[in-house]
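Only one structure is covered here, and it is reproduced in the block below.
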Amino acid sequence: MYEPDTLEVRVLKAPRVLTTQFQVPLDDPLTVRANWEKLLPDTAQARAVLEIPRTGPPLWIDVALDTRVTAQVALTGDALDALASEDLTGLSQQEFVARFAFLDLADLMRRAQVADYQELQAEFPRLYRLHYAQPPPFDPTAPGRTFRLRISALVFPDLDDLAGALRRLVQSRQALDASRPHPDEYDGGAVLAAGAWLAVFPRAATLPNPEPAGLEQQVTDLLATDGFVAAFETTT
């Protein structure tokens, strides 16, 4: 559900379940967008967005959990150690090249989209220097970060139709993402989806296979390629 940019999850504590719902319907509307534009003799423009209920079979989440998860994380990128700046106003081009020999002035002007050094001074009168240090080692005693985690579980009766199970998971995830707005990013990374997805299979379904543990791992790996988690429960 989350993809941290500069963090790595080291310890994930048990989630705290806040709410539990069973057999939750998914509203998967069909969104239709239309544009109409007229240029001559009078300029006119209109846009419309319509949401039409789908006529296919309804989608259901077997178990929906709203949880809070505490994760202990470590920095994976360099940490900002110091910030300094210098005034370029009184420096000639020769003085700039001598003082900042590690910079390619021509490349700097190209990336700044300026024609010459004088324009660079006018547009960017100060040069900022950032110093990055190695990230600190992971501290297991440091406070964790709390994330909201929506878990949607679909229960399947057997392993006979893995393709059908994967299609149902993908369709349900798309419907949830469309019907449950969520931010695109958070402090530390990107939000991949409106919730995490769990596919539950009966463990008895793996018994006819000579290597049930190997089969479970194959199913787990297959679903993981598309961001789903597989769980196997013993049924009576």
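The values are calculated or read from the model by the stated rules, or taken from the named source; none is laboratory data. Being a predicted model, the structure only gives us computed values, none of them experimental. Cβ coordinates were reconstructed from backbone atoms using ideal geometry, including for glycine residues, and neighbour counts include every protein chain displayed. The accessibility values were calculated without ligands, DNA or RNA, using every heavy atom of the protein model including side chains. Shrake-Rupley method; radii C 1.70, N 1.55, O 1.52, S 1.80 Å.
All Cα-Cα separations within the stretch 85-175 were binned at 5 Å from zero, giving a P(r) of 2, 9, 13, 12, 5, 4, 4, 6, 9, 9, 8, 7, 6, 4, 1, 0, each value a whole percent of the pairs.
Near PRO202: Cβ cut-off under 12 Å, other residues only, Lys/Arg at +1 and Asp/Glu at -1. The net charge is -3. Per-atom-type breakdown for the stretch 80-132 gives carbon and sulfur 52% of the accessible area (1.4 Å probe, protein chains only). Over the stretch 80-132, what is the mean sequence separation of C-alpha contacts under 8 Å (at least six apart), divided by residue count, expressed as relative contact order in percent? 67 percent. Estimated at the nearest 10 Å², the accessible area of ASP104 is 90 Å² with a 1.4 Å probe.
Other residues within the sphere of radius under 13 Å centred on the Cβ of ARG126, judged by their own Cβ, net out at -2 (K and R +1, D and E -1). The calculated FRET efficiency for the pair THR19 and THR76, based on their C-beta separation and a Förster distance of 41 Å, comes to about 0.80. Compared with the alpha-carbon gap, the fully stretched path from ALA122 to ASP226 is longer by 32.4 nm at 0.36 nm per residue.
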